[in-house]
Amino acid sequence: GAGVSQTPSNKVTEKGKYVELRCDPISGHTALYWYRQSLGQGPEFLIYFQGTGAADDSGLPNDRFFAVRPEGSVSTLKIQRTERGDSAVYLCASRPGGASTDTQYFGPGTRLTVL
Amino acid sequence: GDSVTQMEGPVTLSEEAFLTINCTYTATGYPSLFWYVQYPGEGLQLLLKATKADDKGSNKGFEATYRKETTSFHLEKGSVQVSDSAVYFCALLSNAGKSTFGDGTTLTVKP
């Protein structure tokens, strides 16, 4: 079946602009995660959705970052007034349900470059 | 908060050598523990997992045992191959569903 998909695969923007990154999880997966991965580091947790609601958004670095999942499927990560330090690969992952033993399935990521 | 500490890399081994990558964690409650692998040019994929104390996860000749007493989940393989060259990430998933990753260890296996 289809895996997790993310669009766009690459995004280049200018400092101060607004960007949206999209994640399509595996069908039926209720849990969805966003991470940010900088070069040479592990994925940094940003936010976790269970269904439509954000179960934990403690990883969002500041109020320029916001994510939604209005129908409990597709999610969009929104970054306002982008800064050069936002440049990274943004990863999305989904897992089947509420059990903490579930495996996460990762998308290929969106590489964001802020000039 | 939760944290995962991995052995720093890079690690370079000859083919058929024994591999250990250390991983220790700090977490409240009883997290599940995972090793993910990222091959060159590919996305993150699950290598193995263990969901409770003393469980052993295994896959593709790799093993790791969930040690609650030492809060560790060290990755081992008895005989590495060139195709095992990749970046390995240790991770935990808390009971509340929050996920924490280590910084990754780069493994290079030379023929």
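Values computed for the structure shown
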quantity: Odd one out for A:VAL89 among (1) closer than 21 Å to A:ASP24 by Cα; (2) touching a Lys or Arg at 6+ places or on another chain (Cβ under 7 Å); (3) open to solvent by 20 Å² or more (accessible area, probe 1.4 Å); (4) assigned to a loop (DSSP other than H, G, I, E, B); calculated: (4)
quantity: Residue check, B:LYS56 in contact with a strand residue (DSSP E or B) (Cβ under 7 Å, 6 or more places away or on another chain), open to solvent by less than 30 Å² (accessible area, probe 1.4 Å) and more than 14 Å from every other protein chain (Cβ to nearest Cβ); calculated: no
quantity: Residue satisfying all of: in region B:99-111; surrounded by 21 or more Cβ atoms within 10 Å (Cβ to Cβ) and at the interface with chain A (Cβ under 9 Å from one of its Cβ atoms); nearest to A:PRO43 (Cα to Cα) among these; calculated: B:PHE101
quantity: Of residues in region A:62-86 being buried (at least 16 other Cβ atoms within 10 Å of the Cβ) and either of a type in the set (Lys, Arg) or more than 12 Å from the chain's Cα centre (by Cα) (or both), the one nearest to the other protein chains (Cβ to nearest Cβ); calculated: A:ARG69
quantity: Candidate set: region B:59-86, residues that are part of a strand (DSSP E or B) and farther than 30 Å from A:THR110 by Cα; chosen: the one most open to solvent (accessible area, probe 1.4 Å); calculated: B:ARG67
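The values are calculated or read from the model by the stated rules, or taken from the named source; none is laboratory data. This is a predicted model, so every value here is computed, not measured. Backbone-built Cβ (ideal geometry, glycine too); neighbour counts: all protein chains shown. Ligands, DNA and RNA are stripped out before the accessible areas are found, and what is left, the full protein with its side chains, is counted by its heavy atoms. Shrake-Rupley method; radii C 1.70, N 1.55, O 1.52, S 1.80 Å.
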